[in-house]
Amino acid sequence: MLQLIRNLHRNWWLKRHPIDDTLWLPVTTMPILQGLSSAELARLKLLAAWFLHTKAISPVKDIEFSDPMRVVLAVQAALPVLNLGFDAYDDWKEIIIYPSQFVSPSRERDHYGFVHEGDIVAAGQARSDGPVLLSWHDVMEAPWQDGFNVVIHELAHKLDMRNGYPNGNPPLHHGMRQKDWQQAFSHAFHDLQHKASHGEYSPIDLYAATDAAECFAVCSEVFFEDPHTLNDCYPAVYRQLKLFYRQDPITRLPRVGYRPYFADAVAH
């Protein structure tokens with residue numbers, strides 16, 4: 001009954017607070033949105049509106065964060081959960097926006113139980129204590145279908161955290177097999193580690209070789225940005241992410257190399 005009431009309230013709110021078309025139409029030119037059907041775009045619009053309603057966006061250093069900028073952020077955030085629903089991000093509340101890459105204190109516990117502290121320079125960070133930190137410069141560079149997307153990367157970490165510490169093993173849907181997930185990602189992770197340690201080239205960012213959590217996050221951003229490359233390199237990982245995100249970007253995105261126009265106006 002409680003969920004029904006929540007759904008009715010959400011539907012009531014969304015009908016009365018849609019994203020205006022003057023804000024919406026420019027972002028639909030994002031390269032990573034190519035091939036989405038009209039029905040999918042309509043659902044993405046609703047998810048983005050609800051995201052903006054439920055997440056506090058906190059700019060720092062006197063950034064003037066305009067409505068077009070908010071929509072650019074929200075659309076990229078909503079894309080991974082297009083078929084997962086409104087509640088996929090319901091366990092955290094805030095995004096902190098920096099103008100560019102930032103220095104952030106880091107305190108993380110590894111899988112052995114050791115705590116590592118220090119400062120890092122980052123384009124994004126999903127903190128286990130709640131907020132997501134993002135560089136606006138990198139958010140604007142994200143939707144170009146180049147294999148890199150800081151918004152998707154950090155929100156993949158948030159999905160990973162839904163069952164505790166990020167470890168590359170998010171809660172799987174009914175019908176997905178833990179064994180298949182572990183085999184697919186274990187093979188990819190060890191191959192990426194081998195390439196990183198031997199100085200070999202990889203079309204997948206070798207930051208994925210850092211640990212299992214980063215492997216999942218990097219593969220997630222490649223899944224939505226450059227799915228053909230992910231499928232060429234690690235088809236089993238692609239299959240698992242297809243099941244997890246309930247999307248198949250290969251069927252709608254061209255191979256990387258074609259870079260459509262994305263309106264500069266949304267940056268202002």
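Test each condition in (1) touching a Lys or Arg at 6+ places or on another chain (Cβ under 7 Å); (2) closer than 20 Å to Gly130 by Cβ for Asp90 and report the one that comes out false.
(1)
Inside region 23-46, can you point out the residues that are closer than 11 Å to Leu79 by Cα and touching an Asp or Glu at 6+ places or on another chain (Cβ under 7 Å)?
Ile32, the sole residue that qualifies.
Can you list residue pairs whose Cβ atoms sit under 9 Å apart, with the first residue in region 45-68 being surrounded by fewer than 19 Cβ atoms within 10 Å (Cβ to Cβ) and in a helix (DSSP H, G or I) and the second being of a type in the set (S, T, N, Q) and modelled with pLDDT of 95 or more? Count only pairs 6 or more apart in sequence or on different chains.
Pro68/Thr22
So that you can scan it fast, the table gives a plain yes or no per residue for (1) in a helix (DSSP H, G or I); (2) aliphatic (A, V, I, L, M):
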residue	(1), (2)
Leu134	no, yes
Asp160	yes, no
Phe185	yes, no
Gln193	yes, no
Ser202	no, no
Ala208	yes, yes
Ala217	yes, yes
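Loosely packed, with under 13 Cβ neighbours inside 10 Å and either farther than 30 Å from Gly164 by Cα or modelled with pLDDT under 95 (or both): is that true of Lys93 in this structure?
Numbers: loosely packed, with under 13 Cβ neighbours inside 10 Å: yes; either farther than 30 Å from Gly164 by Cα or modelled with pLDDT under 95 (or both): no.
Answer is no for this residue.
Do we have His228 as closer than 22 Å to Glu154 by Cα and modelled with pLDDT of 95 or more here?
Values: closer than 22 Å to Glu154 by Cα: yes; modelled with pLDDT of 95 or more: yes.
The answer is yes for His228.
Collect the residues in region 21-39 that are part of a helix (DSSP H, G or I) and either of a type in the set (S, T, N, Q) or in contact with a helix residue (DSSP H, G or I) (Cβ under 9 Å, 6 or more places away or on another chain) (or both), keeping them in residue-number order.
Here is the first cut: in region 21-39, the ones part of a helix (DSSP H, G or I) are 21-27, 31-33, 38-39.
Thr22, Leu23, Trp24, Pro26, Val27, Pro31, Ile32, Leu33, Ser38 - these are the residues of region 21-39 that are part of a helix (DSSP H, G or I) and either of a type in the set (S, T, N, Q) or in contact with a helix residue (DSSP H, G or I) (Cβ under 9 Å, 6 or more places away or on another chain) (or both).
The values are calculated or read from the model by the stated rules, or taken from the named source; none is laboratory data. It should be emphasised that the depicted structure is a prediction, and the values quoted were computed from it without experimental measurement. Cβ: placed from backbone, ideal geometry, glycine included. Neighbour counts: every protein chain shown.
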